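First, the structure itself, so that you have it in front of you.
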Amino acid sequence: MDKLEVAIFPVGGVGTRFLPATKNMPKEMMPLLNRPLIQWGVEEAVNSGCTNVIIVTGEGKEAIKAHFSRSFELEAFLTAHGKEKYREIVSSIPALARFSFAKQPQPLGLGHAVLCAERLCKERPFALLLPDDVMLADKPVTAQLEAVRQKYGGSAIALQKVSDEDTQRYGVVDAEEIEPGVYKIKSLVEKPKAGTAPSNFAVMGRYVLSPAIFRYLRSLQPGAGGEYQLTDAINAMLAEEPAYGVIYEGKRLDCGITEGWLKANLQLALHDTGMREAALEVLKEENII
Ligand code: G1P
């Protein structure tokens with residue numbers, strides 16, 4: 001079976017929920033501790049074996065391209081001022097992987113964004129990471145999915161059990177357990193209306209997909225919310241090859257909403273040796289602990 005080498009990151013969203021911070025800055029560049037959101041995802045992909053990163057960008061996302069490119073002036077400045085530690089950090093970012101960029105001319109949905117990466121991805125399996133979802137896990141979640149794909153073939157998708165009220169926010173699967181934590185998917189539905197979800201297993205922002213998906217994306221019709229939905233393409237692909245849902249081990253930090261992003265910063269700070277004291281200090285000052 002083909003080794004997983006490619007990771008795709010769709011970054012087409014406008015970032016409305018983070019305005020005004022995102023007026024002139026892509027939301028994927030919002031810092032989570034000292035790294036932009038998207039870098040957490042890129043590091044997960046690299047730690048899962050990916051060597052090629054394709055970023056699908058919309059309008060106004062130049063800062064993302066700049067972040068993953070060399071900054072010769074900054075590096076020279078840091079060297080000249082004896083700040084080798086920071087120079088190393090700065091030069092290590094473009095060295096994480098081979099980066100390429102595809103344009104999504106209009107934000108027509110996740111399925112459309114993935115299709116925009118087809119030419120760069122070619123006929124290779126690929127990981128898809130939605131940068132709003134940051135995953136904390138001992139074994140990277142993308143690597144957990146790839147292990148299932150290597151075992152069973154087809155595609156693998158991260159699942160998490162959610163409450164009845166929350167199923168309408170996600171793609172939801174109908175599936176049968178084939179080993180503890182691994183489900184063979186029978187069908188998927190994007191954002192089912194309240195009370196109609198086939199289960200409580202929701203798709204989280206991590207996938208390892210077979211290149212067969214591109215054919216289904218090309219013939220896709222608009223779905224939920226009038227957008228071209230990846231979930232619908234995966235559902236159609238099930239007639240040809242299997243997809244497996246994986247209840248991953250780890251914690252998802254939902255950084256697509258401001259409250260989630262704030263909680264993620266606090267949680268990560270409390271787990272970071274350099275920042276823990278500062279986070280605890282605030283909680284003490286506020287008489288919370
Ligand atoms: C997207 C997918 C959805 C998935 C979710 C996970 O939805 O379309 O199937 O459950 O990501 O975060 P979005 O959050 O972009 O509306």
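So how do 217, 129 line up by other beta-carbon neighbours within 10 Å, fewest first?
So the ranking, lowest neighbour count to highest, is 217, 129.
Taking other Cβ within 10 Å of each residue's Cβ, how do 70, 17 sort, fewest first?
Ranked by crowding around the Cβ, least crowded first: 70, 17.
So for the chain, Kirkwood radius off the Cα pairs, Stokes-Einstein at 10 °C and 1.306 mPa s: how many µm² s⁻¹?
Rounded, D is 79 µm²/s.
Now for a different question. With a point put 7 Å past each Cα toward its Cβ, work out how far residue 272 is from residue 62 in nm, to one decimal.
According to this spin-label approximation, the distance is 2.8 nm.
Could you list 85, 139 in order of exposure, starting from the residue whose Cβ has the fewest other Cβ atoms within 10 Å?
Taking fewest neighbouring Cβ atoms as first place, the list is 85, 139.
How far, in nm, would the chain grow between residue 200 and residue 152 when pulled straight, counting 0.36 nm per residue and subtracting the alpha carbon separation?
Value of the extension gain: 15.0 nm.
Considering only the other residues whose Cβ falls under 13 Å of the Cβ of residue 15, what net charge follows from Lys and Arg at +1 and Asp and Glu at -1?
Around residue 15, the surrounding residues sum to +1.
Still on this structure: Consider just the alpha-carbon atoms of the range 27-130 and return their Rg together with their Dmax, both in angstrom.
15.1, 47
What aspartates and glutamates does residue 83 reach when the alpha-carbon gap must be under 13 Å and sequence neighbours fewer than 8 apart in one chain are set aside?
Of all the aspartates and glutamates, those that pass the test against residue 83 - Cα under 13 Å, at least 8 places apart if same chain - are 75.
Given charges of +1 on the Cβ of Lys and Arg and -1 on the Cβ of Asp and Glu, with all other atoms neutral, how large is the dipole of the range 78-198 about its Cα centre, in debye to the nearest 20?
In total the dipole reaches around 580 debye.
Reachable lysines from residue 122, Cα under 19 Å, same-chain residues fewer than 8 places away excluded?
3, 103
Here is a further query. So what is the relative contact order of the chain, in percent, for Cα pairs below 8 Å that sit 6 or more residues apart?
21
Place a +1 charge on the Cβ of each Lys and Arg in the chain and a -1 charge on the Cβ of each Asp and Glu, then give the dipole magnitude about the Cα centre in debye, rounded to the nearest 20.
Taking the Cα centre of the chain as origin, the dipole is about 640 debye.
Along the Cα→Cβ direction, 7 angstrom out, place labels at residue 165 and residue 71. What is the inter-label distance in nm?
4.2
Taking the range 139-207, how many lysine pairs are there with alpha carbons less than 18 Å apart, if each pair must be eight or more places apart or span two chains?
6
Please give the Cα centre distance for the range 230-289 versus the range 37-75, rounded to the nearest Å.
Between the Cα centres of the range 230-289 and the range 37-75 lies a distance of 20 Å.
Bear in mind that the values in this text are calculations on the coordinates, not laboratory data. All values reported here derive from a predicted model rather than from experimental measurement. Because the Cβ atoms are built from the backbone with ideal geometry, glycine has one as well, and the counts that use them run over all protein chains shown.
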